[in-house]
Amino acid sequence: MAHNPHIKDSISARGSAEKGAASADFSVEKNDQAQSAGQTQGAGRVQGKPTVRKVASSWGARLGALVFWLVVWQIAAVVINQDIVLTSPIQTIQTLFSLAQLREFWVSIGLSLLRIFAGGALAFTVGSLLAFLSFKYKLIKILFEPLISTIKSIPVASFVILLLIWVRTPYLSISISFLMALPIIYIAVLEGLLSTDQQLIEMADVYQIHGWQRIKAIYLSQLMPSLKTATSLAMGFCWKSGIAAEVIGLPAFSIGEHLYNAKVYLDTPALFAWTLVVIVMSALGEKIVMRLVSWAAARLEKSCS
Amino acid sequence: MSMNTTNCAYATEQLLEVKNITKSFGNTVVLDDFSYKFERGVYVLSEPSGAGKTTLLRILCGLEVTDSGTVLKAPDTKTVMMFQEDRLLENLSVMANIMLAIQLHSKEQKQSARERIKEALCEVGLEGTENKPVSELSGGQKRRVALLRTLFADADILLFDEPLKGLDEALKQQVIASVKPFIESKIVIWVTHTPEEVKLLGSYTALQL
(Lines give C-alpha, C1' and ligand atoms only; values in the text may rest on other atoms or scores of the structure.)
Protein backbone atom coordinates (compact mmCIF):
# COMPACT_ATOMS: atom_id res chain seq x y z
CA MET A 1 0.00 0.00 0.00
CA ALA A 2 1.43 3.38 -1.00
CA HIS A 3 2.23 5.45 2.02
CA ASN A 4 1.37 9.13 2.07
CA PRO A 5 2.88 10.97 5.07
CA HIS A 6 0.33 13.80 4.82
CA ILE A 7 -2.51 11.37 4.92
CA LYS A 8 -1.00 9.51 7.84
CA ASP A 9 -0.43 12.69 9.86
CA SER A 10 -3.91 13.96 9.41
CA ILE A 11 -5.40 10.51 10.03
CA SER A 12 -3.32 10.16 13.17
CA ALA A 13 -4.59 13.51 14.40
CA ARG A 14 -8.13 12.45 13.64
CA GLY A 15 -7.58 9.04 15.21
CA SER A 16 -6.26 10.64 18.37
CA ALA A 17 -9.16 13.05 18.47
CA GLU A 18 -11.58 10.18 18.03
CA LYS A 19 -9.85 8.15 20.70
CA GLY A 20 -9.88 11.17 22.97
CA ALA A 21 -13.58 11.60 22.44
CA ALA A 22 -14.16 7.92 23.06
CA SER A 23 -12.17 7.96 26.27
CA ALA A 24 -13.93 11.14 27.37
CA ASP A 25 -17.27 9.39 26.88
CA PHE A 26 -15.97 6.40 28.79
CA SER A 27 -14.89 8.62 31.68
CA VAL A 28 -18.29 10.26 31.83
CA GLU A 29 -19.96 6.85 31.87
CA LYS A 30 -17.61 5.60 34.56
CA ASN A 31 -18.12 8.77 36.57
CA ASP A 32 -21.85 8.27 36.35
CA GLN A 33 -21.43 4.73 37.60
CA ALA A 34 -19.18 5.85 40.41
CA GLN A 35 -21.57 8.58 41.44
CA SER A 36 -24.52 6.25 41.36
CA ALA A 37 -22.60 3.90 43.60
CA GLY A 38 -22.25 6.72 46.06
CA GLN A 39 -18.50 7.07 45.66
CA THR A 40 -16.73 10.41 45.81
CA GLN A 41 -13.89 10.12 43.38
CA GLY A 42 -12.34 13.15 41.72
CA ALA A 43 -12.71 13.68 37.97
CA GLY A 44 -10.06 11.84 35.98
CA ARG A 45 -9.25 9.44 38.81
CA VAL A 46 -11.76 6.82 37.73
CA GLN A 47 -10.08 3.68 36.45
CA GLY A 48 -11.42 0.63 34.63
CA LYS A 49 -9.46 -1.84 36.77
CA PRO A 50 -10.57 -2.60 40.34
CA THR A 51 -8.62 -0.62 42.90
CA VAL A 52 -6.59 -2.25 45.70
CA ARG A 53 -9.12 -0.89 48.20
CA LYS A 54 -12.04 -2.47 46.32
CA VAL A 55 -10.29 -5.85 46.09
CA ALA A 56 -9.30 -5.70 49.75
CA SER A 57 -12.84 -4.79 50.82
CA SER A 58 -14.24 -7.63 48.69
CA TRP A 59 -11.85 -10.14 50.32
CA GLY A 60 -12.52 -8.60 53.71
CA ALA A 61 -16.28 -9.10 53.23
CA ARG A 62 -15.75 -12.75 52.26
CA LEU A 63 -13.46 -13.38 55.21
CA GLY A 64 -15.95 -11.68 57.49
CA ALA A 65 -18.77 -13.94 56.28
CA LEU A 66 -16.57 -17.02 56.76
CA VAL A 67 -15.59 -15.98 60.29
CA PHE A 68 -19.27 -15.32 61.09
CA TRP A 69 -20.31 -18.87 60.14
CA LEU A 70 -17.33 -20.41 61.92
CA VAL A 71 -18.37 -18.56 65.07
CA VAL A 72 -21.98 -19.79 64.62
CA TRP A 73 -20.66 -23.35 64.18
CA GLN A 74 -18.43 -23.07 67.26
CA ILE A 75 -21.30 -21.69 69.39
CA ALA A 76 -23.63 -24.47 68.17
CA ALA A 77 -20.99 -27.11 69.02
CA VAL A 78 -20.49 -25.63 72.51
CA VAL A 79 -24.27 -25.49 73.11
CA ILE A 80 -24.88 -29.07 71.90
CA ASN A 81 -21.72 -30.25 73.65
CA GLN A 82 -21.69 -33.70 72.01
CA ASP A 83 -18.84 -34.41 69.59
CA ILE A 84 -20.70 -37.31 68.05
CA VAL A 85 -23.52 -34.96 66.95
CA LEU A 86 -21.60 -31.83 66.03
CA THR A 87 -17.84 -31.45 66.10
CA SER A 88 -16.49 -27.95 66.67
CA PRO A 89 -14.42 -26.23 63.95
CA ILE A 90 -11.37 -26.27 66.22
CA GLN A 91 -11.63 -30.03 66.74
CA THR A 92 -12.19 -30.54 63.00
CA ILE A 93 -8.95 -28.72 62.25
CA GLN A 94 -7.11 -30.69 64.94
CA THR A 95 -8.37 -33.97 63.46
CA LEU A 96 -7.37 -32.81 60.00
CA PHE A 97 -3.82 -32.08 61.18
CA SER A 98 -3.49 -35.48 62.80
CA LEU A 99 -4.83 -37.18 59.65
CA ALA A 100 -2.39 -35.20 57.53
CA GLN A 101 0.50 -36.92 59.36
CA LEU A 102 -0.49 -40.22 57.73
CA ARG A 103 0.75 -41.28 54.32
CA GLU A 104 -2.63 -42.91 53.63
CA PHE A 105 -4.33 -39.51 53.91
CA TRP A 106 -2.35 -38.07 50.98
CA VAL A 107 -2.53 -41.24 48.89
CA SER A 108 -6.31 -41.34 49.32
CA ILE A 109 -6.67 -37.70 48.29
CA GLY A 110 -4.39 -38.22 45.30
CA LEU A 111 -6.18 -41.30 44.04
CA SER A 112 -9.66 -39.79 44.51
CA LEU A 113 -8.53 -36.67 42.68
CA LEU A 114 -7.10 -38.75 39.86
CA ARG A 115 -10.25 -40.83 39.42
CA ILE A 116 -12.63 -37.90 39.55
CA PHE A 117 -10.52 -35.76 37.22
CA ALA A 118 -10.18 -38.68 34.80
CA GLY A 119 -13.98 -39.01 34.70
CA GLY A 120 -14.38 -35.25 34.21
CA ALA A 121 -11.73 -35.08 31.47
CA LEU A 122 -13.32 -38.03 29.68
CA ALA A 123 -16.75 -36.37 29.88
CA PHE A 124 -15.28 -33.14 28.54
CA THR A 125 -13.68 -34.90 25.56
CA VAL A 126 -16.54 -37.26 24.71
CA GLY A 127 -19.25 -34.65 25.40
CA SER A 128 -17.57 -32.03 23.18
CA LEU A 129 -16.93 -34.51 20.36
CA LEU A 130 -20.48 -35.85 20.49
CA ALA A 131 -21.87 -32.32 20.49
CA PHE A 132 -19.78 -31.39 17.43
CA LEU A 133 -20.94 -34.53 15.63
CA SER A 134 -24.57 -33.86 16.63
CA PHE A 135 -24.23 -30.32 15.33
CA LYS A 136 -22.83 -31.54 12.03
CA TYR A 137 -25.01 -34.61 11.50
CA LYS A 138 -28.67 -34.45 12.43
CA LEU A 139 -28.89 -38.24 12.60
CA ILE A 140 -26.35 -38.35 15.43
CA LYS A 141 -28.25 -35.62 17.28
CA ILE A 142 -31.52 -37.56 16.95
CA LEU A 143 -29.76 -40.75 18.05
CA PHE A 144 -28.07 -39.32 21.13
CA GLU A 145 -30.74 -36.91 22.36
CA PRO A 146 -32.82 -39.54 24.22
CA LEU A 147 -29.68 -41.13 25.67
CA ILE A 148 -28.39 -37.82 27.04
CA SER A 149 -31.84 -36.95 28.44
CA THR A 150 -32.02 -40.34 30.14
CA ILE A 151 -28.53 -40.00 31.67
CA LYS A 152 -29.48 -36.52 32.86
CA SER A 153 -32.60 -37.68 34.68
CA ILE A 154 -31.33 -40.93 36.26
CA PRO A 155 -30.40 -40.46 39.96
CA VAL A 156 -26.74 -40.93 40.92
CA ALA A 157 -27.65 -43.75 43.35
CA SER A 158 -29.28 -45.80 40.56
CA PHE A 159 -26.19 -45.43 38.40
CA VAL A 160 -23.86 -46.35 41.27
CA ILE A 161 -25.76 -49.55 42.07
CA LEU A 162 -25.98 -50.49 38.42
CA LEU A 163 -22.32 -49.77 37.74
CA LEU A 164 -21.25 -51.75 40.82
CA ILE A 165 -22.39 -54.80 38.85
CA TRP A 166 -20.77 -53.74 35.59
CA VAL A 167 -17.38 -52.25 36.57
CA ARG A 168 -14.68 -52.90 39.16
CA THR A 169 -14.80 -50.60 42.19
CA PRO A 170 -11.66 -48.56 41.34
CA TYR A 171 -13.37 -47.53 38.09
CA LEU A 172 -16.72 -46.74 39.72
CA SER A 173 -16.02 -43.09 40.56
CA ILE A 174 -14.47 -42.53 37.11
CA SER A 175 -17.61 -43.89 35.44
CA ILE A 176 -19.98 -41.95 37.70
CA SER A 177 -18.11 -38.65 37.29
CA PHE A 178 -18.11 -39.23 33.55
CA LEU A 179 -21.84 -39.95 33.39
CA MET A 180 -22.80 -36.98 35.57
CA ALA A 181 -20.64 -34.47 33.67
CA LEU A 182 -21.34 -35.79 30.16
CA PRO A 183 -24.86 -34.30 29.68
CA ILE A 184 -23.75 -30.92 31.06
CA ILE A 185 -20.85 -30.64 28.63
CA TYR A 186 -22.79 -32.10 25.69
CA ILE A 187 -25.77 -29.75 26.12
CA ALA A 188 -23.60 -26.65 26.69
CA VAL A 189 -21.42 -27.31 23.64
CA LEU A 190 -24.36 -28.20 21.39
CA GLU A 191 -26.43 -25.18 22.51
CA GLY A 192 -23.39 -22.96 22.01
CA LEU A 193 -22.82 -24.31 18.51
CA LEU A 194 -26.48 -23.99 17.56
CA SER A 195 -26.61 -20.41 18.76
CA THR A 196 -23.51 -19.33 16.82
CA ASP A 197 -24.15 -15.99 15.17
CA GLN A 198 -25.44 -16.69 11.63
CA GLN A 199 -23.95 -13.44 10.40
CA LEU A 200 -20.50 -14.73 11.37
CA ILE A 201 -21.18 -18.00 9.56
CA GLU A 202 -22.05 -16.03 6.42
CA MET A 203 -18.88 -13.97 6.85
CA ALA A 204 -16.85 -17.18 7.14
CA ASP A 205 -18.51 -18.51 3.96
CA VAL A 206 -17.73 -15.35 2.00
CA TYR A 207 -14.13 -15.12 3.22
CA GLN A 208 -13.61 -18.85 2.67
CA ILE A 209 -12.68 -19.56 6.28
CA HIS A 210 -12.90 -23.33 6.42
CA GLY A 211 -11.73 -26.34 8.40
CA TRP A 212 -9.79 -25.88 11.62
CA GLN A 213 -9.58 -22.10 11.16
CA ARG A 214 -13.37 -21.92 11.07
CA ILE A 215 -13.76 -24.15 14.15
CA LYS A 216 -11.19 -22.11 16.07
CA ALA A 217 -12.20 -18.60 15.09
CA ILE A 218 -15.95 -18.89 14.72
CA TYR A 219 -17.22 -21.81 16.78
CA LEU A 220 -14.77 -22.23 19.64
CA SER A 221 -14.41 -18.53 20.30
CA GLN A 222 -18.22 -18.17 20.38
CA LEU A 223 -18.50 -21.27 22.53
CA MET A 224 -15.98 -20.34 25.21
CA PRO A 225 -18.26 -18.42 27.63
CA SER A 226 -20.87 -21.20 27.84
CA LEU A 227 -18.14 -23.85 27.94
CA LYS A 228 -16.50 -22.15 30.93
CA THR A 229 -19.81 -22.08 32.84
CA ALA A 230 -20.55 -25.70 31.94
CA THR A 231 -17.05 -26.84 32.96
CA SER A 232 -17.40 -25.17 36.35
CA LEU A 233 -20.82 -26.78 36.85
CA ALA A 234 -19.62 -30.19 35.62
CA MET A 235 -16.62 -30.12 37.98
CA GLY A 236 -18.95 -29.62 40.95
CA PHE A 237 -21.10 -32.55 39.82
CA CYS A 238 -18.02 -34.74 39.28
CA TRP A 239 -16.89 -34.17 42.85
CA LYS A 240 -20.25 -34.75 44.48
CA SER A 241 -21.12 -37.83 42.44
CA GLY A 242 -17.56 -39.22 42.45
CA ILE A 243 -17.29 -39.09 46.24
CA ALA A 244 -20.82 -40.55 46.60
CA ALA A 245 -19.76 -43.42 44.32
CA GLU A 246 -16.66 -44.03 46.44
CA VAL A 247 -18.76 -44.14 49.61
CA ILE A 248 -20.90 -46.87 48.05
CA GLY A 249 -18.22 -48.73 46.07
CA LEU A 250 -15.46 -48.38 48.71
CA PRO A 251 -12.39 -48.54 46.50
CA ALA A 252 -9.16 -48.88 48.53
CA PHE A 253 -7.38 -45.60 49.29
CA SER A 254 -10.19 -43.18 48.56
CA ILE A 255 -11.84 -40.24 50.31
CA GLY A 256 -15.15 -42.11 50.08
CA GLU A 257 -13.73 -45.09 51.96
CA HIS A 258 -12.61 -42.82 54.81
CA LEU A 259 -16.01 -41.09 54.93
CA TYR A 260 -17.67 -44.51 55.14
CA ASN A 261 -15.36 -45.66 57.94
CA ALA A 262 -16.04 -42.45 59.84
CA LYS A 263 -19.75 -43.20 59.57
CA VAL A 264 -19.35 -46.85 60.68
CA TYR A 265 -17.18 -45.97 63.71
CA LEU A 266 -19.27 -42.88 64.54
CA ASP A 267 -16.07 -40.84 64.20
CA THR A 268 -17.76 -37.48 63.58
CA PRO A 269 -14.55 -35.39 63.82
CA ALA A 270 -13.01 -37.54 61.05
CA LEU A 271 -16.22 -37.22 59.03
CA PHE A 272 -16.02 -33.41 59.32
CA ALA A 273 -12.28 -33.40 58.54
CA TRP A 274 -12.74 -35.49 55.38
CA THR A 275 -15.70 -33.36 54.33
CA LEU A 276 -13.49 -30.30 54.70
CA VAL A 277 -10.93 -32.03 52.47
CA VAL A 278 -13.63 -32.59 49.83
CA ILE A 279 -14.68 -28.92 49.95
CA VAL A 280 -11.10 -27.65 49.65
CA MET A 281 -10.21 -30.12 46.88
CA SER A 282 -13.39 -29.28 44.97
CA ALA A 283 -12.68 -25.52 45.12
CA LEU A 284 -9.01 -26.01 44.21
CA GLY A 285 -9.83 -28.45 41.42
CA GLU A 286 -12.35 -26.07 39.93
CA LYS A 287 -9.86 -23.20 40.05
CA ILE A 288 -7.21 -25.30 38.30
CA VAL A 289 -9.60 -26.52 35.59
CA MET A 290 -10.97 -23.02 34.98
CA ARG A 291 -7.41 -21.70 34.68
CA LEU A 292 -6.69 -24.44 32.15
CA VAL A 293 -9.79 -23.57 30.12
CA SER A 294 -8.92 -19.86 30.19
CA TRP A 295 -5.34 -20.65 29.17
CA ALA A 296 -6.61 -22.80 26.28
CA ALA A 297 -8.99 -20.01 25.21
CA ALA A 298 -6.15 -17.47 25.24
CA ARG A 299 -3.90 -19.80 23.21
CA LEU A 300 -6.71 -20.32 20.75
CA GLU A 301 -7.25 -16.60 20.27
CA LYS A 302 -3.53 -16.03 19.87
CA SER A 303 -3.22 -18.76 17.26
CA CYS A 304 -5.77 -17.00 15.04
CA SER A 305 -3.42 -14.08 14.31
CA MET B 1 -22.48 -21.80 0.56
CA SER B 2 -25.42 -22.32 -1.78
CA MET B 3 -25.33 -20.76 -5.20
CA ASN B 4 -27.29 -22.48 -7.88
CA THR B 5 -26.75 -19.89 -10.56
CA THR B 6 -23.01 -19.44 -10.68
CA ASN B 7 -21.39 -20.75 -13.78
CA CYS B 8 -17.64 -21.00 -13.78
CA ALA B 9 -17.15 -21.67 -17.50
CA TYR B 10 -16.66 -18.11 -18.57
CA ALA B 11 -14.28 -16.00 -20.62
CA THR B 12 -11.15 -15.12 -18.67
CA GLU B 13 -11.13 -11.36 -19.43
CA GLN B 14 -14.75 -10.97 -18.44
CA LEU B 15 -14.89 -11.70 -14.72
CA LEU B 16 -18.56 -11.26 -14.01
CA GLU B 17 -21.87 -11.12 -15.79
CA VAL B 18 -25.41 -11.37 -14.50
CA LYS B 19 -28.16 -12.43 -16.85
CA ASN B 20 -31.85 -11.83 -16.24
CA ILE B 21 -31.76 -12.36 -12.51
CA THR B 22 -34.98 -12.14 -10.56
CA LYS B 23 -35.37 -12.34 -6.81
CA SER B 24 -38.50 -12.04 -4.67
CA PHE B 25 -39.11 -12.23 -0.94
CA GLY B 26 -42.71 -13.34 -0.53
CA ASN B 27 -44.80 -11.13 -2.80
CA THR B 28 -42.16 -8.42 -3.00
CA VAL B 29 -40.06 -8.49 -6.15
CA VAL B 30 -36.67 -7.09 -5.20
CA LEU B 31 -34.77 -7.71 -8.43
CA ASP B 32 -36.67 -7.97 -11.67
CA ASP B 33 -34.90 -9.35 -14.72
CA PHE B 34 -31.61 -7.56 -14.00
CA SER B 35 -28.74 -8.05 -16.42
CA TYR B 36 -25.27 -6.52 -16.53
CA LYS B 37 -21.79 -7.21 -17.86
CA PHE B 38 -19.19 -6.09 -15.37
CA GLU B 39 -15.70 -5.12 -16.46
CA ARG B 40 -12.86 -4.14 -14.20
CA GLY B 41 -13.68 -0.84 -12.51
CA VAL B 42 -15.83 0.78 -9.87
CA TYR B 43 -19.62 0.53 -9.95
CA VAL B 44 -21.76 2.58 -7.63
CA LEU B 45 -25.22 1.67 -6.43
CA SER B 46 -26.94 4.53 -4.64
CA GLU B 47 -30.61 3.79 -5.12
CA PRO B 48 -33.13 4.24 -2.30
CA SER B 49 -33.57 1.67 0.47
CA GLY B 50 -35.44 -1.46 -0.57
CA ALA B 51 -34.29 -1.23 -4.21
CA GLY B 52 -32.39 -4.52 -3.93
CA LYS B 53 -28.82 -3.28 -3.57
CA THR B 54 -27.87 -5.57 -0.70
CA THR B 55 -29.76 -8.47 -2.28
CA LEU B 56 -27.72 -8.08 -5.47
CA LEU B 57 -24.47 -8.12 -3.50
CA ARG B 58 -25.59 -11.18 -1.55
CA ILE B 59 -26.44 -12.96 -4.80
CA LEU B 60 -23.07 -12.06 -6.29
CA CYS B 61 -21.15 -13.51 -3.36
CA GLY B 62 -23.31 -16.62 -3.21
CA LEU B 63 -25.25 -15.96 -0.02
CA GLU B 64 -28.59 -15.69 -1.78
CA VAL B 65 -30.10 -17.89 -4.47
CA THR B 66 -31.92 -16.24 -7.37
CA ASP B 67 -35.45 -17.23 -8.41
CA SER B 68 -34.32 -17.19 -12.05
CA GLY B 69 -31.40 -16.00 -14.15
CA THR B 70 -27.70 -16.72 -13.98
CA VAL B 71 -24.55 -15.27 -12.48
CA LEU B 72 -21.51 -16.02 -14.60
CA LYS B 73 -18.02 -15.81 -13.16
CA ALA B 74 -14.61 -16.60 -14.64
CA PRO B 75 -12.96 -19.70 -13.15
CA ASP B 76 -11.16 -19.20 -9.80
CA THR B 77 -12.69 -15.78 -9.31
CA LYS B 78 -12.74 -14.82 -5.66
CA THR B 79 -15.56 -12.59 -4.45
CA VAL B 80 -15.68 -11.00 -1.00
CA MET B 81 -18.19 -8.67 0.57
CA MET B 82 -17.98 -6.03 3.24
CA PHE B 83 -21.32 -6.27 4.98
CA GLN B 84 -23.46 -3.46 6.33
CA GLU B 85 -22.68 -4.87 9.77
CA ASP B 86 -19.02 -5.20 10.79
CA ARG B 87 -19.27 -8.97 11.41
CA LEU B 88 -15.98 -9.06 13.27
CA LEU B 89 -14.98 -11.58 15.89
CA GLU B 90 -15.17 -9.37 18.95
CA ASN B 91 -12.91 -11.42 21.22
CA LEU B 92 -10.14 -11.70 18.65
CA SER B 93 -7.54 -9.03 17.99
CA VAL B 94 -7.65 -6.61 15.07
CA MET B 95 -4.74 -8.49 13.47
CA ALA B 96 -6.44 -11.89 13.90
CA ASN B 97 -9.65 -10.61 12.30
CA ILE B 98 -7.82 -9.39 9.21
CA MET B 99 -5.47 -12.39 9.01
CA LEU B 100 -8.45 -14.75 8.96
CA ALA B 101 -9.42 -13.45 5.53
CA ILE B 102 -6.00 -14.21 4.09
CA GLN B 103 -5.12 -17.71 2.98
CA LEU B 104 -1.44 -18.06 3.80
CA HIS B 105 0.63 -21.10 4.61
CA SER B 106 4.28 -20.28 5.14
CA LYS B 107 5.59 -18.40 8.17
CA GLU B 108 7.33 -15.87 5.91
CA GLN B 109 4.11 -15.09 4.05
CA LYS B 110 2.29 -14.62 7.33
CA GLN B 111 4.99 -12.35 8.72
CA SER B 112 4.97 -10.25 5.56
CA ALA B 113 1.16 -10.00 5.69
CA ARG B 114 1.33 -8.86 9.31
CA GLU B 115 3.76 -6.10 8.35
CA ARG B 116 1.52 -4.94 5.50
CA ILE B 117 -1.52 -4.97 7.79
CA LYS B 118 0.31 -2.88 10.39
CA GLU B 119 1.18 -0.36 7.69
CA ALA B 120 -2.41 -0.29 6.42
CA LEU B 121 -3.73 0.16 9.96
CA CYS B 122 -1.53 3.23 10.31
CA GLU B 123 -2.85 4.63 7.06
CA VAL B 124 -6.47 4.41 8.20
CA GLY B 125 -5.72 5.92 11.60
CA LEU B 126 -5.61 2.69 13.59
CA GLU B 127 -1.93 2.59 14.46
CA GLY B 128 -1.10 0.53 17.54
CA THR B 129 -4.43 -1.29 17.59
CA GLU B 130 -3.26 -4.55 15.97
CA ASN B 131 -3.18 -6.51 19.21
CA LYS B 132 -6.31 -4.99 20.73
CA PRO B 133 -9.44 -7.12 20.91
CA VAL B 134 -12.07 -5.75 18.53
CA SER B 135 -14.49 -5.41 21.45
CA GLU B 136 -12.35 -2.53 22.74
CA LEU B 137 -12.68 -0.47 19.55
CA SER B 138 -15.19 2.28 18.78
CA GLY B 139 -17.82 1.84 16.04
CA GLY B 140 -15.80 3.84 13.51
CA GLN B 141 -12.63 1.89 14.27
CA LYS B 142 -14.44 -1.44 13.83
CA ARG B 143 -15.75 -0.26 10.46
CA ARG B 144 -12.22 0.42 9.29
CA VAL B 145 -11.05 -3.01 10.49
CA ALA B 146 -13.89 -4.63 8.52
CA LEU B 147 -12.85 -2.60 5.47
CA LEU B 148 -9.22 -3.70 5.74
CA ARG B 149 -10.32 -7.34 6.10
CA THR B 150 -12.13 -7.03 2.77
CA LEU B 151 -9.19 -5.35 1.07
CA PHE B 152 -6.64 -7.87 2.36
CA ALA B 153 -8.74 -10.85 1.24
CA ASP B 154 -7.11 -10.45 -2.17
CA ALA B 155 -10.30 -11.01 -4.16
CA ASP B 156 -11.05 -10.21 -7.77
CA ILE B 157 -14.53 -8.91 -7.03
CA LEU B 158 -15.00 -6.61 -4.05
CA LEU B 159 -18.52 -5.84 -2.85
CA PHE B 160 -18.94 -2.98 -0.38
CA ASP B 161 -22.28 -2.45 1.34
CA GLU B 162 -22.20 1.03 2.83
CA PRO B 163 -18.54 0.63 3.80
CA LEU B 164 -18.04 4.09 5.29
CA LYS B 165 -21.22 4.16 7.33
CA GLY B 166 -20.60 5.94 10.62
CA LEU B 167 -17.40 7.71 9.58
CA ASP B 168 -17.25 11.49 9.39
CA GLU B 169 -16.54 13.29 6.12
CA ALA B 170 -12.86 13.97 6.69
CA LEU B 171 -12.18 10.41 7.81
CA LYS B 172 -14.05 9.07 4.78
CA GLN B 173 -11.66 10.97 2.52
CA GLN B 174 -8.62 9.61 4.27
CA VAL B 175 -9.90 6.05 4.20
CA ILE B 176 -10.83 6.20 0.52
CA ALA B 177 -7.37 7.48 -0.30
CA SER B 178 -5.84 4.43 1.32
CA VAL B 179 -8.35 2.08 -0.34
CA LYS B 180 -7.38 3.14 -3.87
CA PRO B 181 -4.24 1.00 -4.34
CA PHE B 182 -6.15 -2.12 -3.32
CA ILE B 183 -8.93 -1.83 -5.89
CA GLU B 184 -6.93 -1.26 -9.04
CA SER B 185 -7.84 -3.68 -11.83
CA LYS B 186 -10.64 -5.25 -9.83
CA ILE B 187 -14.40 -5.22 -10.05
CA VAL B 188 -15.70 -3.06 -7.22
CA ILE B 189 -19.38 -2.62 -6.46
CA TRP B 190 -19.87 0.12 -3.92
CA VAL B 191 -23.26 0.64 -2.27
CA THR B 192 -23.73 4.03 -0.69
CA HIS B 193 -26.34 6.66 0.03
CA THR B 194 -23.74 9.41 -0.38
CA PRO B 195 -22.34 9.06 -3.93
CA GLU B 196 -19.99 12.02 -3.31
CA GLU B 197 -17.76 9.69 -1.33
CA VAL B 198 -17.13 7.55 -4.40
CA LYS B 199 -16.00 10.49 -6.53
CA LEU B 200 -12.86 10.30 -4.45
CA LEU B 201 -12.22 6.81 -5.80
CA GLY B 202 -11.84 8.22 -9.31
CA SER B 203 -13.94 7.31 -12.32
CA TYR B 204 -16.93 5.06 -11.72
CA THR B 205 -20.09 3.79 -13.35
CA ALA B 206 -23.46 4.48 -11.73
CA LEU B 207 -25.42 1.26 -11.72
CA GLN B 208 -29.22 1.16 -11.84
CA LEU B 209 -31.32 -1.79 -10.78
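The values are calculated or read from the model by the stated rules, or taken from the named source; none is laboratory data. Source: prediction; values computed, not measured. So basically every Cβ, Gly included, is an ideal-geometry build from the backbone, and we count neighbours across all protein chains shown. What goes into the accessible areas is simple: the full protein's heavy atoms, side chains included, and nothing from ligands, DNA or RNA. Shrake-Rupley method; radii C 1.70, N 1.55, O 1.52, S 1.80 Å.
Only residues that are open to solvent by 30 Å² or more (accessible area, probe 1.4 Å) and in a loop (DSSP other than H, G, I, E, B) were counted across the stretch B:139-168, and they come to 6.
The requirement of being open to solvent by 10 Å² or more (accessible area, probe 1.4 Å) and farther than 22 Å from B:PHE160 by Cβ is satisfied by B:GLU108.
Within the stretch B:60-77, the residues that satisfy the criterion of being open to solvent by 50 Å² or more (accessible area, probe 1.4 Å) and under 15 Å from B:TYR36 (Cα atoms) are B:SER68, B:THR70.
Scanning the stretch B:25-59 for residues that are under 20 Å from B:ASP161 (Cβ atoms) and open to solvent by less than 70 Å² (accessible area, probe 1.4 Å) yields a count of 21. Is it the case that B:LEU171 is part of a loop (DSSP other than H, G, I, E, B), surrounded by 21 or more Cβ atoms within 10 Å (Cβ to Cβ) and either more than 10 Å from the chain's Cα centre (by Cα) or hydrophobic (A, V, I, L, M, F, W, C) (or both)? Judged against the criteria, B:LEU171 is not a match. With respect to the conditions (1) touching a residue at least 40 places away in the same chain (Cβ under 8 Å); (2) in contact with a Leu (Cβ under 7 Å, 6 or more places away or on another chain); (3) open to solvent by less than 50 Å² (accessible area, probe 1.4 Å); (4) farther than 20 Å from A:THR92 by Cβ, A:THR231 lacks only one, and its number is (2). For the stretch A:263-283, the candidate set comprises residues that are surrounded by 15 or more Cβ atoms within 10 Å (Cβ to Cβ) and hydroxyl-bearing (Ser, Thr, Tyr); within that set, the residue that is farthest from A:PHE117 (Cα to Cα) is A:THR268.
Is at least one residue of the stretch A:59-80 among the charged types (D, E, K, R), in a helix (DSSP H, G or I) and either free of Cβ contacts under 8 Å to residues at least 24 places away in the same chain or surrounded by 11 or more Cβ atoms within 10 Å (Cβ to Cβ) (or both)? Checked the stretch A:59-80: at least one residue is among the charged types (D, E, K, R), in a helix (DSSP H, G or I) and either free of Cβ contacts under 8 Å to residues at least 24 places away in the same chain or surrounded by 11 or more Cβ atoms within 10 Å (Cβ to Cβ) (or both). Applying the criterion of being more than 8 Å from chain B (Cβ to nearest Cβ) and open to solvent by 30 Å² or more (accessible area, probe 1.4 Å) to the residues of the stretch A:204-218, the residue that is farthest from the chain's Cα centre (by Cα) is A:HIS210. Under the condition of being free of Cβ contacts under 8 Å to residues at least 40 places away in the same chain and of a type in the set (A, V, I, L, M), which residue from the stretch A:94-132 is nearest to A:THR268 (Cα to Cα)? Checking each candidate, the answer is A:ALA100.
Of all the residues that make up the stretch A:145-158, how many are open to solvent by less than 90 Å² (accessible area, probe 1.4 Å) and touching a helix residue (DSSP H, G or I) at 6+ places or on another chain (Cβ under 6 Å)? Number satisfying all stated conditions: 3. Restricting B:GLU108, B:GLU130, B:GLU119, B:GLU123 to those that are of a type outside the set (S, T, N, Q) and more than 9 Å from chain A (Cβ to nearest Cβ) reduces the list to B:GLU108. Does A:GLN199 meet the test of being open to solvent by 50 Å² or more (accessible area, probe 1.4 Å) and either assigned to a helix (DSSP H, G or I) or at pLDDT below 90 (or both)? Considered against the rule, which asks whether it is open to solvent by 50 Å² or more (accessible area, probe 1.4 Å) and either assigned to a helix (DSSP H, G or I) or at pLDDT below 90 (or both), A:GLN199 comes out as yes.
Looking across the stretch B:169-188, the residues that are within 14 Å of another protein chain (Cβ to nearest Cβ) and touching a residue at least 12 places away in the same chain (Cβ under 8 Å) come down to B:LEU171, B:LYS172, B:GLN173, B:GLN174, B:VAL175, B:ILE176, B:ALA177, B:SER178, B:VAL179, B:LYS180, B:PHE182, B:ILE183.
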